[in-house]
Amino acid sequence: MSSIEIISLLCALPGTLIALSFHEFSHAFAAHRLGDDTAKRAGRLSLNPLRHLDPIGAICMLLFRFGWAKPVPIDARNFKKPKRGMALSALAGPVSNLLLAFIGIFIFALVTPHLSVEEGNGVIYYQRGAEWQLAVYLVLYSFYALNLALAVFNFLPIPPLDGSRIFLSFLPDRLYFRVMRYERVILLGVFVYFIACRVANSIFRVDIDFVSRFISFIISYVEEGMFFLVKLLPFV
C-alpha cells in the first residue's frame, strides 16, 4: 500500500466514524420518538462511535465505501403501527446521512477553492509543501462521499438494509413478516454476490457487479444534484 493510500485511509477515518455513528443514532432517536425505548435502554441513543461501530463493518466502509455498524435493537411491538414505526425508524438512518452529505458538500465547496489542490480525470494534484491542504481536501471529500454511499446503499430494498423496511412496508402483513424472517439468509446471499464479483474481476478480469455500478450511478447523480443546490447559495 502506497503512502498516499495510507493517507487517504487515515483522512477517511473521521468521516467513517461520524457517518456510521450518526446513522445508528438516528435509528435509535426515531424509534424512541415513536414509542420504542429498546435502543435507549441498550445505550444506543448516543453519538459515541464506540457504542455503534462494528470493526469489520467500519473497515469495509473505509476500503469499499460500503459498510455497517451494530444493528440498533428495535421492538416493533412497542409501536402503535408496527410496520409504519419500523419504516420511519429505518428511514431516519439514510436520511441523516443525506443531510450530513449535503453539509459536507457545502463545506467542501466553500473551502476547497482556497486550497492548492486540484482534481482532474480521477487524479488529485497538489503543490509540494501543501500536504496539509491535501489532507484537508481528502477529509472533506471522504466525509461527504462516505455519507452519500452509506445513504444510497441503505436505500436498496434488500433485507436487512433500511430500504427493505421502507419499501416492503407496503406489502401485506403476512408477506412482509415472511420476507423479514429470511433477512439473514438474504444478507448472506448479498455477501456471496459481492465476493463472487470481486473474484471474477480479480481472476478472470470480468466485471459482473451491476449492483455496484447501479449504486455508483445513483451516487453520481445525487452528488451532482447536491453540488448544484449548494452553488445556488449566494455566498458559495
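The values are calculated or read from the model by the stated rules, or taken from the named source; none is laboratory data. Note that the coordinates shown come from a computational prediction; the quantities given were computed from them, not determined experimentally. Positions of Cβ are backbone-derived with ideal geometry, glycine not excepted, and every protein chain shown enters the neighbour counts. Accessible surface is based on the protein model in full, side chains and every heavy atom, while ligands, DNA and RNA are left aside. Shrake-Rupley method; radii C 1.70, N 1.55, O 1.52, S 1.80 Å.
Miscellaneous remarks
- A dipole drawn for the chain from +1 and -1 charges on Cβ atoms has a positive end, and of 104, 122, 185 the residue lying farthest that way is 185.
- Label-to-label distance, nm, for residues given as residue 13 and residue 75 (7 Å Cα→Cβ offset): 3.8 nm
- For the pair residue 56 and residue 103 in one chain, pulling the backbone fully straight at 0.36 nm per residue adds 14.2 nm over the alpha carbon distance.
- Value of relative contact order over the chain, rounded to a whole percent, pairs C-alpha under 8 Å and six or more apart: 20 percent
- Counted as membrane-span-like here are DSSP H helices of the chain whose alpha-carbon atoms extend 15 Å or more along the helix's own axis and whose Kyte-Doolittle mean is -1.0 or above; these are 3-33, 82-111, 131-154, 183-203, 210-231.
- Net dipole in debye of the chain [+1 Lys, Arg Cβ; -1 Asp, Glu Cβ; about Cα centre; nearest 20]: 1080 debye
- Along the axis of the charge dipole computed for region 36-92 (Cβ charges of +1 for Lys and Arg, -1 for Asp and Glu, origin at the Cα centre), the listed residues 39, 92, 79 are led at the positive end by 79.
- Lys pairs under 26 Å by Cα in the chain, provided they are eight or more residues apart or on distinct chains: 7
- Simple point charges give the picture: +1 on the Cβ of Lys and Arg, -1 on the Cβ of Asp and Glu, and for region 52-133 a dipole about the Cα centre of about 720 debye.
- Summary of packing: across the peptides 95-103, 77-85, the per-residue average of other C-beta atoms within 10 Å ranks them, highest first, as 95-103, 77-85.
- At full extension, residue 170 and residue 125 could sit 11.4 nm farther apart than now, given 0.36 nm per residue minus the alpha carbon distance.
- Residues of the chain: accessible area per residue with a 1.4 Å probe, Å²: 59 Å²
- For region 1-144, with all protein chains in place and a probe radius of 1.4 Å, 64% of the accessible heavy-atom surface sits on carbon or sulfur.
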